[in-house]
Structure formats: C-alpha cells, structure tokens
C-alpha cells in the first residue's frame, strides 16, 4: 500500500493520506505498521482525515503500537464511562457529559506508574463549528527552557494524581523517550500536583512557570475535526487540550489507549 505522510508546518504533527483500510484489519500489514510507527515517532501526532475506522480496525491498528485498554491497565481508573470491544478496549467519550470535555492541558493518566504510551482516537460525531483539539510538543518545551532551568528540573520529581479521585504516583519531571532517546518536559496542569522536595510555595510557583511555558502557542498544533477523522498521538512527549467552544452540540469519540508492552503493568 502506498500512502503519504506530510509534516505540518507547526511544532508537531503530520497528515497521513492514502491509507486504505477498507479491507479491515488485514490491510494493516507489517510494512504499513512499520511506516506508521516511524512517522509517529518523528511527528508525535499523526492525523488521518476521514479514515472512518470501524471498531475492529481501530483495535487492530492500535494493537500495532502496544497493548490496548480503555484507559488504564490496572484498577485505578476513576471514571465510569461506556466502553466496548472484545475486552472493553474502546472508550466512548460523549461530551454531553461535562467530564468528557477535557478542556484543560493534560497528558493522559499520568497518575499511574505505567502511564500510556499513546492513544488512537476516531471522531464519530463532531459539531459543525468548534471542538478542535490542540497538542503541545514537550520535546520543544524542554529544549526551550533556559540552560539554568533545564539543569534545575533535570533532577526533580513530581507527584501526579488527585487525592480522593485517583491514585498518586511520582515521575521524573524530565523523561527520556524510550524509542527516540530525546528528553521531554513531563509535567501537566491536569494531573501534576506538587514537586517532591520543594516547599508548597516553591512547588506551586515552579509548576505554574513550567505549565505556562509548556502551553505556549509556539509549541502547539491545532486540528479541526471532521466526522471519520482519526488521530494517533504519543503520550510520552505531548500534552493535549480539547477546546470547549461548541455549546450543546454533539461530540462523540471512540478512543483506544495504547500501553507499552515492555511495562510490567
């Protein structure tokens, strides 16, 4: 199969065109998967205009990148949301539920020790106007810090989670991507709550500075959805934000969450 990968002019993202999965899972050959994986690692987010994935093909494509779950691989998911698929792999995000709107910068499920490597999203119903999603390049965010601040955060760890809602876990504030070897800033407004070893006022102010830096428009790409579009993003080096500007219009998503087969979770 021949398809094109065209990098976008923003800080991350590429558009994949010509990928024909009408034949279903059998169309996802080893060669197709290898090409997509290389493009994913290079571009952080891949966009597939009007790919129109059915459930079986979405699961099969996601499985080419790791183990699937609706959200987490453990028992620490705090949400009660609709899932389906042979093993409940597909999460339904129906934005009629306010908690499904995700209009805050975040990296998925960082409150678990083995957070996801990525997600594959398929847009089922999207509003006529609004409902875009933004992603932010956390390689670029780390590299954009001054040398003094990079040296400071390199040795720090932060706690992720919301007590009473999720579990708590600690991660380095700068992570090394296991496949690319690149360094990425790893704090997010959605789940990072404090920096280990700092006083509350120190922690709060350092985190605020890092969040504001990591969310700068210069590090982002914005995707305007159409029904049938799909997106595959790398959760280890990006954050994302779903823009809540579509009122009561319907916005329904099917998403599989991809976990690293090397994890022990």
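The values are calculated or read from the model by the stated rules, or taken from the named source; none is laboratory data. Remember, predicted model here, so these are calculated numbers, not experimental data. With ideal geometry, Cβ positions are generated from the backbone for all residues, glycine too; neighbour counts draw on all protein chains shown.
Some observations on this one:
- If you check 45, 32, 5 for being over 20 Å from the mean Cα position of the chain (by Cα) and at pLDDT 95 or above, only one passes: 32.
- Subset of the stretch 209-231 (residues that are under 18 Å from residue 143 (Cα atoms) and surrounded by fewer than 20 Cβ atoms within 10 Å (Cβ to Cβ)): 209, 211, 212, 213, 215, 216, 217, 218
- Looking across the stretch 18-48, the residues that are surrounded by 14 or more Cβ atoms within 10 Å (Cβ to Cβ), at negative phi and outside any helix (DSSP H, G or I) come down to 19, 21, 28, 45, 46, 47, 48.
- The single condition among (1) in contact with a helix residue (DSSP H, G or I) (Cβ under 9 Å, 6 or more places away or on another chain); (2) part of a loop (DSSP other than H, G, I, E, B) that residue 119 does not meet is (2).
- For the stretch 100-116, the tally of residues that are more than 28 Å from residue 60 (Cα to Cα) and out of contact with any helix residue (DSSP H, G or I) (no Cβ under 9 Å at 6 or more places or on another chain) stands at 2.
- Among the residues of the stretch 179-189, none qualifies, meaning not one is over 29 Å from residue 48 (Cα atoms), surrounded by 18 or more Cβ atoms within 10 Å (Cβ to Cβ), within 21 Å of the chain's Cα centre (by Cα) and without any contact (Cβ under 8 Å) to a residue 40 or more places away in the chain.
- Identification of strands (runs of 3 or more DSSP E) wholly contained in the stretch 220-261 with 1 or more residues that are farther than 23 Å from residue 11 by Cα yields 252-259.
- Residue check, residue 197 more than 23 Å from residue 71 (Cα to Cα) and in a loop (DSSP other than H, G, I, E, B): yes
- Entry remark, the stretch 145-156: residues being surrounded by fewer than 16 Cβ atoms within 10 Å (Cβ to Cβ) and either assigned to a strand (DSSP E or B) or touching a strand residue (DSSP E or B) at 6+ places or on another chain (Cβ under 9 Å) (or both) number 3 in total.
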